[in-house]
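Working notes, beginning with the structure itself.
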Amino acid sequence: MNQHIHCIVSDCNYWNQGNMCKASEILVSTDDFGASKPDRIDAIMAKQLTPASAGTCMATCCKTYVAKGSDKVGADSVTRMS
Ligand code: SF4
């Protein structure tokens, strides 16, 4: 359930008024993971992924982020909830 995910990244496809995330699910990862894995590897595969340490807040990212209007929307099978 993501009713409690607050986010202030306003150009994300899943961002909504009130600074809420409307993604059906999200994946938070290390920056290294986010930068090196293709868009299709995301929250839907979470149970198969290997956890890793980040060390600092700044070394984590939202892997589910995709810019509004990008042709990558939907590549990870994450959906936007109404
Ligand atoms: S998918 Fe990530 S970046 Fe996008 S609105 Fe949700 S939490 Fe923010």
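The values are calculated or read from the model by the stated rules, or taken from the named source; none is laboratory data. Predicted model only: the values in this text are computed from it and were never measured. For neighbour counting, all protein chains shown are included, and Cβ atoms are generated from backbone atoms with ideal geometry for every residue, glycine included. When the accessible area is computed, the model is the full protein with side chains, heavy atoms only, and any ligands, DNA or RNA have been set aside. Shrake-Rupley method; radii C 1.70, N 1.55, O 1.52, S 1.80 Å.
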Those residues that are touching a Phe, Trp or Tyr at 6+ places or on another chain (Cβ under 9 Å), assigned to a loop (DSSP other than H, G, I, E, B) and touching a residue at least 24 places away in the same chain (Cβ under 8 Å), I need them from region 28-50; list them, please. Ile41
Kindly evaluate Ser53 against the criterion of being among the hydroxyl-bearing types (Ser, Thr, Tyr), in a loop (DSSP other than H, G, I, E, B), modelled with pLDDT under 95 and away from the ligand (no atom under 11 Å from the Cβ). no
Determine whether region 63-81 contains at least one residue that is farther than 16 Å from Val9 by Cα, among the small types (Gly, Ala, Ser), open to solvent by 60 Å² or more (accessible area, probe 1.4 Å) and modelled with pLDDT of 95 or more. no
